[in-house]
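**Student:** This is the structure I want to talk about, given as structure tokens.
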Amino acid sequence: MRLPHNVVAALLLAVSLFASAAEPAAVDADRLYQLTSELRCLVCQNESLADSNAPLALDLKNEIRARMAAGDSDEQIKRFLVERYGDFVTYRPPMNARTVLLWLGPLLLVVGGGFAVWRTLRANRAADDGESE
């Protein structure tokens, strides 16, 4: 039994379309690594997505790869992940009402520590002055 040329051509076209749709579009590996190294693994928490092999991290990397292939910018991808997982997913959370203590906490600790040292030194001087009289 011989198939007409039109049927063979249609089958070849369908197979080639299926193969190209199943194959993910190539993305820039350097861009993918750069972006995933700026994002925190939600499972490991001490590793970036780029370094993590946790199943969720692999899923997130595949999602990022798909969004890159779809043409999303890095900022759009970050915004999507922050909307979905919160500011914790980024290593550099934005300055807002929820993260103000995170940003100002180290400064407050330094100022508080400096004030405590100043008060201690002042109290020691006052005690030394009282003993020398």
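**Student:** How many residues are aliphatic (A, V, I, L, M) and outside any helix (DSSP H, G or I) if we restrict to the range 91-133?
**Tutor:** Residues that pass the stated criteria total 2.
**Student:** Give me the pairs, please: first residue somewhere in the range 94-108 and over 22 Å from residue 81 (Cβ atoms), second residue anywhere and open to solvent by less than 60 Å² (accessible area, probe 1.4 Å), beta-carbon distance under 8 Å, and either six or more positions apart or on two chains.
**Tutor:** Correct list of pairs: empty, since none qualify.
**Student:** Which members of the range 62-90 meet the condition of being among the hydroxyl-bearing types (Ser, Thr, Tyr), under 20 Å from residue 29 (Cβ atoms) and in a helix (DSSP H, G or I)?
**Tutor:** None - no residue of the range 62-90 is among the hydroxyl-bearing types (Ser, Thr, Tyr), under 20 Å from residue 29 (Cβ atoms) and in a helix (DSSP H, G or I), so the list stays empty.
**Student:** Of the conditions (1) modelled with pLDDT under 90; (2) out of contact with any Phe, Trp or Tyr (no Cβ under 7 Å at 6 or more places or on another chain), residue 80 fails just one. Which one is it?
**Tutor:** Here residue 80 meets the rest and fails (1).
**Student:** How about the range 1-50: which of its residues are modelled with pLDDT of 70 or more and of a type in the set (Gly, Ala, Ser)?
**Tutor:** Hits for the range 1-50 are 26, 29, 37, 48, 50.
**Student:** Let me ask something additional. Does the range 71-93 hold any residues that are touching a residue at least 24 places away in the same chain (Cβ under 8 Å) and open to solvent by 60 Å² or more (accessible area, probe 1.4 Å), and which are they?
**Tutor:** 85, 88, 91, 92
**Student:** With open to solvent by less than 80 Å² (accessible area, probe 1.4 Å), at pLDDT below 95 and within 11 Å of residue 39 (Cα to Cα) as the only criterion, which of 60, 104 stands out?
**Tutor:** 60
The values are calculated or read from the model by the stated rules, or taken from the named source; none is laboratory data. Please read all numbers here as calculations on a predicted model, not as lab measurements. Don't worry about glycine lacking a Cβ; one is built from the backbone with ideal geometry, like all the others, and counts go over all protein chains shown. Ligands, DNA and RNA are excluded from the accessible area calculation, which covers all protein heavy atoms including side chains. Shrake-Rupley method; radii C 1.70, N 1.55, O 1.52, S 1.80 Å.
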